[in-house]
Amino acid sequence: MNVELLKGIGPKTSKILNKLDIYTIEDLVTYYPFRYDILKRTDMSKVMDGDKVILDGYLEEDAKLFRYGRNDRMTFRFFSSNNIYNVTIFNRGFLKSKLLVGTNITIMGKYDKKFNSIVASDLHFGLLPNKTEIVPIYHITPGITSKQLNEYVNMALPFVNYIDSYIPDYLEEKYNFDTKINAIKELHNPTSTNNFKLALSRLKFEELFVFMMKMTYLKNSRKAKDGLMRNVDYKEVEDFINNLPFTLTIDQLSSVKDIYNDLISQSRMNRLLQGDVGSGKTIISFIALYINYLSGYQGALMAPTEILANQHLINIQKIFKDYDIKVKLLTGKMKSSEKKKINEELKNGNIDILIGTHALFQDDIVYKNLGLVITDEQHRFGVNQRQSLKNKGITPDILYMSATPIPRTYALTIYGDMDVSSIKTMPSGRKKVITNLYKEENIKDVLEAMYKELLSGHQIYVVAPLIEESDKSDMENTSALEEKMNKAFGKKYTIGVLHGKMTSLEKDKVMEDFKNNKIQILVSTTVIEVGVDVKNATMIVIFDAYRFGLSALHQLRGRVGRNDLQSYCLLISDKESKRLEVLTKTSDGFVVAEEDFKLRGSGDLFGQRQSGDMNFKLANIKNDFNVLLKAKEEAEIYLKSDVDTNKIVKKMLIESTNLD
């Protein structure tokens, strides 16, 4: 039912609601408030200077409006509880015609005892009821107020007698949940704190239950798929490992065993290999490709950038130099004739391992017998790519690699559709990156530390959050930092710049020059997060560090310390020093991730994974993690049982998990 069918909502209002993704009456009633104002009259006899107050009364005079540029200020005298207050409110000039002498209003603001005045942050027309009132506040867009949106919702609610519930009937009974429509009504118009909490719990549980149903169903359905036939003796894998020029850590060996078991099993592999930058995930991917090669299948390794694909090629050729394994590179830059030749070799089975970017899975690329796809988690092997291979009759095993460590409990839940292997122990010989925190006023100390590294013949990353000047922020940007670096070091050293607005060719050229030491200081945005190894880079300096999450900073720190040289990470920030101190105390990515999860929630940790899969309206992975675990448990029980009390649930699964 279209929202325009509601009285008072015409085409103009409908377009405004469309901007909030509200098109139907069901969209409207499931557009929930993001917070609530608790309106209760303040007892002014107990108020201290600077306290927040809520008062109702009437205007003693018409409001006066003062404009300056795009902003405005209104003042008026306000009578409440046998007292008169001078009220100031900013940027509400559009309400002047309604703020007339005698008008009843409720104001919220900060009290100044000395001048008996209030700087109002918000106001509502009308007086407060004698009981505490809970007012829903919605995310809005220009052209509509939160109060109007609540009125439209209340107009729509009588037209909605039932909304499909995705919680099986027996679970609604088990947890004594009210109906979904009653819970929705309570969220828009809370009747009491207790009723509100019960309604919120019910709707959050449903969101998380649906999410975990999808994840669990997806994981089970993939395990049910027939895997490729492989017959590989693990002794051959051990011989390969023993011939490596270094010793694998316990976690690396455990991950190899996990992958080996997946590959020889009758189920398809869908595994996440996670670990810190420099923990040795890449060699595990090479071993996986070797196991796949031994079983007679082709392998593909997809990198996020061409320069990283080239690096993988160089490294894998070193590892496989004593083996008759044909490895080739395919990137978007290659000439048509080169691509055509590679495609012919691939089709004929003359290529065992193909390394490249997304070009590996273009429509014109044909594999003879692709058995394994390994991809960086930032470029997840998506639905379209899986479908493209399926259309070609190929259903390979899949291994994802992620350099963003996630605490195992969270990983098993968030990546519920995957098996997870974690590498926590770092290879021997790696020195801990020394991390120090500086304030802007200590920039001289930072420059001296940089100069010391440059004198030693080493290279430095300098990171800024912005690309260009912004009048909304005083954050350092690449242009300003380039200027500062040139002023400090430009006479003796070469400074380069790297940012996301550059073309791929430009970025690759800068990184190539930095790798070859033609550039000594690289000023960059976070695009270096997944870059090529520059073993001679021993320092990273991060400006405005408070703008980054801890996990993002840890990722950036991982750009240095890629060798046996002592490396350093210098964080510059005048804010949030306590939070940033976590990085000065630990180099364990899993500890950092745990802290980041506590402080910021899932968004910063899981990046692109959050979009789509975790698009919750009410639930929050961090705050509602215990509910998520309960929802996971119930989803697993439901899917194992023969219970079919709610066909809606099955319909939801069919519609949302057709991903193969």
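None of the figures in this text is laboratory data; all of them are computed from the coordinates on show. Owing to the predicted nature of the structure, the values given are computational and were not obtained by experimental measurement. We place every Cβ from the backbone using ideal geometry, glycine too, and count neighbours over all the protein chains shown.
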*Based on DSSP H runs of at least 4 residues, each adding -39500 (n - 2.57), what is the mean residue ellipticity at 222 nm of the chain after dividing by all its residues, to the nearest 500 deg cm²/dmol?*
-11500 deg cm²/dmol
*asked:* Between the range 113-192 and the range 12-78, how far is it from one alpha carbon centroid to the other, in angstrom?
replied: 15
*Give the angle, between 0 and 90 degrees and rounded to the nearest 10, that separates the Cα long axis of helix 281-294 from the longest principal axis of the Cα atoms of the chain.*
50
_Name the residue from Asn517, Ile314, Tyr111 whose Cα lies farthest towards the positive end of the charge dipole of the chain, charges +1 on Cβ of Lys and Arg and -1 on Cβ of Asp and Glu._
Tyr111
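What is the packing order of peptides 261-267, 538-544, taking the mean over residues of other C-beta atoms within 10 Å and listing the highest first?
Descending mean neighbour count gives 538-544, 261-267.
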*Please go through the range 475-573 and write out the trypsin sites (Lys or Arg not before Pro) that DSSP classes as loop and that have at most 15 other C-beta atoms within 10 Å.*
Lys491, Lys492, Lys501, Lys518, Lys535
_Separation of alpha-carbon centers, the range 271-338 and the range 577-596, rounded to whole Å_ = 32
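If I take every Cα pair under 8 Å that is 6 or more residues apart in the chain, average their sequence separation and divide by the length, what percent do I get for the relative contact order?
Reported as a whole number, the value is 13 percent.
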_Explain nothing, just the number: dipole magnitude of the range 3-159 about its Cα centre with +1 on each Lys and Arg Cβ and -1 on each Asp and Glu Cβ, in debye rounded to the nearest 20._
440
_Segment Ser641-Glu60, length gained on full extension (0.36 nm per residue, minus Cα span)_ = 202.3 nm
*Once both axes come from the Cα atoms, what is the angle between helix 250-264 and the longest principal axis of the chain, in degrees from 0 to 90, rounded to 10?*
80
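Can you tell me the FRET efficiency between Asn176 and Lys333 if r is taken as the Cβ-Cβ distance and R0 is 60 Å, rounded to the nearest 0.05? Kindly include the intermediate steps, with their values, before the conclusion.
Numbers: r = 61 Å, r/R0 = 1.02.
Plugging the Cβ-Cβ distance into 1/(1 + (r/R0)^6) gives 0.45.
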*asked:* Compute for the chain: radius of gyration divided by Kirkwood radius, i.e. Rg/Rh, restricted to C-alpha atoms, rounded to two decimals.
replied: 1.03
*Along the positive direction of the dipole of the chain (beta-carbon charges: Lys, Arg +1; Asp, Glu -1; about the Cα centre), which of Met539, Tyr31, Ile287 reaches farthest?*
Met539
*Please list, or write none, the aspartates and glutamates whose alpha carbon is within less than 13 Å of the alpha carbon of Lys174, excluding same-chain residues fewer than 8 places away.*
Glu634
_³J(HN,Hα), Karplus 6.51/-1.76/1.60, whole Hz, each residue of the range 9-14, x for Gly, Pro_ = 10, x, x, 5, 5, 4
*From the Cα gyration tensor of the range 1-100, with a ≥ b ≥ c the square roots of its eigenvalues, which class applies: rounded if a/c is under 1.5, or else prolate if a/b is larger than b/c, or else oblate?*
prolate
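With an 8 Å Cα cut-off and a minimum separation of 6 or more residues, compute the relative contact order for the range 3-159 in percent.
Computed over the range 3-159, the figure is 26 percent.
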*Could you give the size of the charge dipole of the chain about its Cα centre, using +1 on the Cβ of each K and R and -1 on the Cβ of each D and E, expressed in debye and rounded to the nearest 20?*
760
_Exceeding the 18 Å Cα-Cα cut-off - candidates Lys335/Lys368; Lys110/Lys131; Lys439/Lys575; Lys321/Lys518_ = Lys335/Lys368; Lys110/Lys131; Lys321/Lys518
_As an exercise, take the mean of 1/r over every pair of distinct alpha carbons in the range 123-273, invert it, and state the Kirkwood radius in angstroms._
21.2
